[in-house]
Amino acid sequence: MEFKGGETAAIERLNGWMFERDMLRVYKSTRNGMLGADYSSKFSAWLACGCLSPRTVYWSCQRYEKERVSNKSTYWLVFEMLWRDYFRFQAARLQGKLFLPEGEGLVTQDWVDDGQGFQAWAHGRTGWPLVDANMRELRATGFMSNRGRQNVASFLALDLRIDWRRGASVFEEFLLDYDPASNWGNWAAAAGLTGGRVNRFNITKQARDYDSQGEYVKHWCPELNDVPVHFVHEPWKMPPHVQKAAQCEIGKHYPEPVKTRFKPPEGGRQGPGKYAPPRDDSKGKGR
């Protein structure tokens with residue numbers, strides 16, 4: 001999808017997505033997509049740049065509900081806009097604490113200084129296809145789905161235990177829809193620094209749930225094009241003869257998977273080490 005700046009383009013996107021193509025009607029069921037233009041609103045770039053007002057989005061939703069239907073999808077889009085506001089209030093409250101390695105200090109975490117692991121993550125060379133595909137999309141287009149953002153952030157901060165601020169800085173550099181409050185607030189939450197449960201994502205399960213045929217990862221990781229579907233999200237499990245047939249030898253054509261270092265953060269309102277098992281959903285910013 002091409003993002004064109006300005007209010008005119010923003011209003012065209014809003015009217016086209018919401019009314020002409022009637023995508024708001026099914027937003028709740030499509031919002032976790034990763035491939036294509038209309039699975040989500042993609043208003044975020046125009047919102048971040050001031051080309052589209054959140055009030056305009058809200059009142060357009062109200063109009064849609066009066067003229068067409070009020071359902072879980074219309075509720076969810078407004079709900080995501082409220083999360084956007086929440087992170088702005090949080091940023092105003094925390095101020096400089098938003099950028100500290102421990103966030104506002106509710107929990108503690110020992111971050112690992114792993115320059116090689118960070119570069120593999122940042123350039124989409126971790127050997128974990130879902131992570132790699134999303135990071136490559138970010139660098140190529142300036143966009144990443146909400147589902148992708150939650151997964152790559154969880155992987156960097158919780159699996160690799162690399163300082164979450166390094167990931168937030170990469171997002172700041174490449175995202176077309178970057179804004180400080182949403183970016184740094186979401187990253188602190190993904191790193192488990194907000195005092196609640198830690199939402200660590202199971203990357204393989206997420207990939208199978210939201211990219212069951214591997215279409216997304218193959219789009220951004222073409223070296224996986226001939227990998228059988230049942231191996232595409234865990235290509236390191238391919239026997240040597242399958243790797244050869246798929247022209248995807250692990251360690252040669254596609255990287256060996258980096259190893260996880262997950263360790264529950266200490267402290268927090270729910271007590272030391274309280275964290276959720278790997279999950280398939282989380283709060284995120286409306287897109």
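Quick notes on this structure:
- Condition check for residue 91: small (Gly, Ala, Ser) and part of a helix (DSSP H, G or I): yes
- The sole residue among 174, 155 that is open to solvent by 10 Å² or more (accessible area, probe 1.4 Å), aromatic (Phe, Trp, Tyr) and without any contact (Cβ under 8 Å) to a residue 60 or more places away in the chain is 174.
- Each residue in segment 16-36 was checked for being open to solvent by less than 80 Å² (accessible area, probe 1.4 Å), within 23 Å of residue 55 (Cβ to Cβ), in contact (Cβ under 8 Å) with a residue 12 or more places away in the chain and not in a loop (DSSP other than H, G, I, E, B), and 6 pass.
- Across segment 1-15, the number of residues qualifying as part of a helix (DSSP H, G or I) and basic (Lys, Arg) comes to 1.
- Residues (in a helix (DSSP H, G or I), open to solvent by 10 Å² or more (accessible area, probe 1.4 Å), over 13 Å from residue 259 (Cβ atoms) and in contact (Cβ under 8 Å) with a residue 24 or more places away in the chain) located in segment 110-139: 118, 136, 137, 139
- Candidates 59, 46 - the one that is at pLDDT 95 or above and open to solvent by 90 Å² or more (accessible area, probe 1.4 Å): 59
- Applying the criterion of being without any contact (Cβ under 8 Å) to a residue 60 or more places away in the chain and of a type in the set (A, V, I, L, M) to the residues of segment 158-171, the residue that is farthest from residue 198 (Cα to Cα) is 170.
- Matching option when the condition is out of contact with any Phe, Trp or Tyr (no Cβ under 6 Å at 6 or more places or on another chain) and basic (Lys, Arg), among 136, 125: 125
- Screening 227, 198 for residues that are crowded, with 18+ Cβ neighbours inside 10 Å and touching a Leu at 6+ places or on another chain (Cβ under 8 Å) leaves exactly one candidate, 198.
- Residue pairs whose Cβ atoms lie under 6 Å apart, sitting 6 or more positions apart in sequence or on different chains, and linking a residue in segment 89-103 that is of a type in the set (S, T, N, Q) to a partner that is part of a helix (DSSP H, G or I), are 90/185.
- Output for segment 3-13, where each listed residue is surrounded by 13 or more Cβ atoms within 10 Å (Cβ to Cβ) and more than 15 Å from residue 177 (Cβ to Cβ): 7, 11, 12
Quick grid of which residues meet (1) farther than 12 Å from residue 133 by Cα; (2) in contact with a His (Cβ under 8 Å, 6 or more places away or on another chain); (3) not hydrophobic (A, V, I, L, M, F, W, C):
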| position | (1), (2), (3) |
| --- | --- |
| 204 | yes, yes, yes |
| 210 | yes, no, yes |
| 214 | no, yes, yes |
| 224 | no, no, no |
| 231 | yes, no, no |
| 235 | yes, no, yes |
| 251 | yes, no, yes |
| 255 | yes, no, yes |
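- Enumeration of residues in segment 83-109 that are surrounded by 13 or more Cβ atoms within 10 Å (Cβ to Cβ) and hydrophobic (A, V, I, L, M, F, W, C): 83, 87, 91, 94, 98, 99, 100, 106, 107
- If you go through segment 207-233 and keep only what is among the charged types (D, E, K, R) and closer than 19 Å to residue 155 by Cβ, you end up with 208, 209, 211.
The values are calculated or read from the model by the stated rules, or taken from the named source; none is laboratory data. All values derive from a computational prediction rather than experimental measurement. Reconstructed Cβ throughout: ideal geometry from the backbone, glycine too, with neighbour counts over all protein chains shown. Only protein heavy atoms, including side chains, enter the accessible area calculation; ligands, DNA and RNA are left aside. Shrake-Rupley method; radii C 1.70, N 1.55, O 1.52, S 1.80 Å.
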